[in-house]
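**Student:** Shown below is the structure under consideration.
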Amino acid sequence: MIFAVDVGNTNITCAIMEKMEVKTSFRITTKLQRTSDEFGITFTEFLKNGGIDIKKIEDVIIVSVVPAVMHSLVNGIVKYLGKKPIIVGEGTKTGLMIKTANPKEIGADRIVDAVGAFELYGGPVIVCDFGTATTYDLLTEDGTFIAGITSPGLRISANALWNDTAKLPEIEIELPPSILAKDTVTSMQAGLVYGCIGQTEYIIRKVIEESGFKNVKVVATGGLGRLISENCDAIKTYDRDLTMKGLWLIYQKTKK
């Protein structure tokens with residue numbers, strides 16, 4: 001049983017993993033500043049509420065795209081869980097080859113998702129992550145990471161709409177009844193959600209066209225991934241726990 005932590009730009013997602021199965025999970029906000037004690041107490045309380053015996057946690061593995069929180073977070077884990085975390089980064093065994101102009105520029109979170117998608121679904125595969133940013137990554141049949149596309153996430157686009165305009169309100173991001181919007185709220189929802197769906201379908205089509213790959217799997221994940229994947233014909237699989245499964249797989253490779 002391991003404690004897997006995904007430090008994203010918006011949320012820190014945590015899960016107890018056992019044989020690639022999520023036993024319990026929770027999220028806390030990333031942007032709130034915390035001391036090591038606050039991290040430690042928060043983690044232990046959530047784990048206890050999830051029925052987890054902390055003494056049975058064998059190891060901790062972390063993937064992070066927010067360096068600023070890592071010092072306090074790691075110290076909190078060491079102090080309260082008694083484990084020195086494995087941090088996914090340069091030199092971590094992933095089983096992937098990365099053939100881009102500068103492999104060090106590829107975010108560790110994208111590598112983790114890529115490992116999960118390739119190991120579970122095979123290649124070639126396009127991994128779509130609908131998080132703070134929306135990313136599309138392409139892996140070949142033999143697990144080589146060869147391309148990645150990055151665009152503003154749905155929430156970034158939504159925040160720009162209501163923060164940079166005088167009269168547009170803050171809204172719930174959801175699929176409106178019709179693209180033929182009749183009011184301000186559904187107009188914004190239609191533009192945001194259908195716009196993202198259209199972008200997704202076009203990018204996936206162009207990636208397949210320019211790569212020349214056939215029988216490409218398309219796997220989606222991320223907080224808003226279900227909303228998009230359920231309404232996008234180009235996406236065949238939505239895996240909510242892809243990052244946690246990727247962390248579990250990397251942990252197994254690291255231990256071997």
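**Student:** Whose amide H sits under 5 Å from the amide H of residue 134, counting only residues 5 or more places off or on another chain, with H placed in the peptide plane?
**Tutor:** 151, 153
**Student:** Residue by residue through region 78-93, what is 3J(HN,Hα) from phi via Karplus (6.51 cos²θ - 1.76 cosθ + 1.60, θ = phi - 60°)? Round to whole Hz and write x for glycine and proline.
**Tutor:** 4, 6, 9, 9, x, 10, 8, x, 7, 10, 5, x, 4, x, 6, 6
**Student:** What is the Cα centroid distance between region 1-64 and region 145-207, reported in whole angstrom?
**Tutor:** Each part's Cα centre sits 30 Å from the other's.
**Student:** Right, something else. Treat the count of other C-beta atoms within 10 Å as a stand-in for reagent exposure and order 218, 127, 22, 193 from fewest to most.
**Tutor:** So the ranking, lowest neighbour count to highest, is 22, 193, 218, 127.
**Student:** What lysines sit close enough to residue 167 to cross-link, taking a C-alpha to C-alpha distance under 24 Å and skipping anything fewer than 8 places away on the same chain?
**Tutor:** Candidates past the 8-residue exclusion: 182.
**Student:** Moving on to the next point. Just rank 6, 59, 233, 129, fewest to most, by other beta-carbon atoms within 10 angstrom.
**Tutor:** Listing 6, 59, 233, 129 from fewest to most nearby Cβ atoms yields 233, 59, 6, 129.
**Student:** Another question, then. Taking the DSSP beta bridges in region 1-131 as the whole, what percent of them are antiparallel, to the nearest 5?
**Tutor:** 65 percent
**Student:** With r as the distance between the Cβ atoms of residue 164 and residue 256 and R0 = 45 Å, compute the FRET efficiency 1/(1 + (r/R0)^6) and round to 0.05.
**Tutor:** FRET efficiency, residue 256 to residue 164: 0.35.
**Student:** If I stretch the segment between residue 156 and residue 65 completely, what's the gain in nm (0.36 nm per residue apart, minus their alpha carbon distance), one decimal?
**Tutor:** Full extension of this stretch gives 31.1 nm more.
**Student:** Tell me which residues come under 5 Å, amide H to amide H, from residue 238 once H is placed; ignore anything under 5 positions away on its chain.
**Tutor:** 220
**Student:** Oh, and also: So how far apart, in nm, are the two label points at residue 22 and residue 233 if each is 7 Å from Cα heading toward Cβ?
**Tutor:** My value for the distance between the label points is 3.0 nm.
**Student:** Based on DSSP H runs of at least 4 residues, each adding -39500 (n - 2.57), what is the mean residue ellipticity at 222 nm of the chain after dividing by all its residues, to the nearest 500 deg cm²/dmol?
**Tutor:** It lands at -11000 deg cm²/dmol.
**Student:** Can you run phi through the Karplus equation (6.51, -1.76, 1.60; θ = phi - 60°) for region 37-48 and list ³J(HN,Hα) in whole Hz, with x for Gly and Pro?
**Tutor:** With coefficients 6.51, -1.76 and 1.60, one gets 5, 5, 4, x, 5, 4, 4, 5, 5, 5, 5, 4 Hz.
**Student:** I've got another one for you. Going by C-beta contacts inside 10 Å, put 178, 157 in order with the fewest on the left.
**Tutor:** Least crowded to most crowded, the residues run 178, 157.
**Student:** Of 48/256; 99/217; 83/104; 99/253; 83/256; 19/256, which pairs sit farther than 24 Å apart, going by alpha carbon to alpha carbon?
**Tutor:** Checking Cα-Cα distances, 48/256; 83/104 exceed 24 Å.
**Student:** Just check region 65-206 against the gyration tensor rule for me: Cα atoms, a ≥ b ≥ c as the square roots of the eigenvalues, rounded for a/c under 1.5, and otherwise prolate or oblate depending on whether a/b exceeds b/c.
**Tutor:** Since a/c reaches 1.5 but b/c is at least a/b, the shape of region 65-206 is classed as oblate.
Every number in this text was worked out from the coordinates using simple rules, so none of it is lab data. In this text the structure is predicted, and so the values were computed from the model without any measurement. Here the Cβ is made from the backbone with ideal geometry for all residues, glycine too, and neighbour counts use every protein chain on show.
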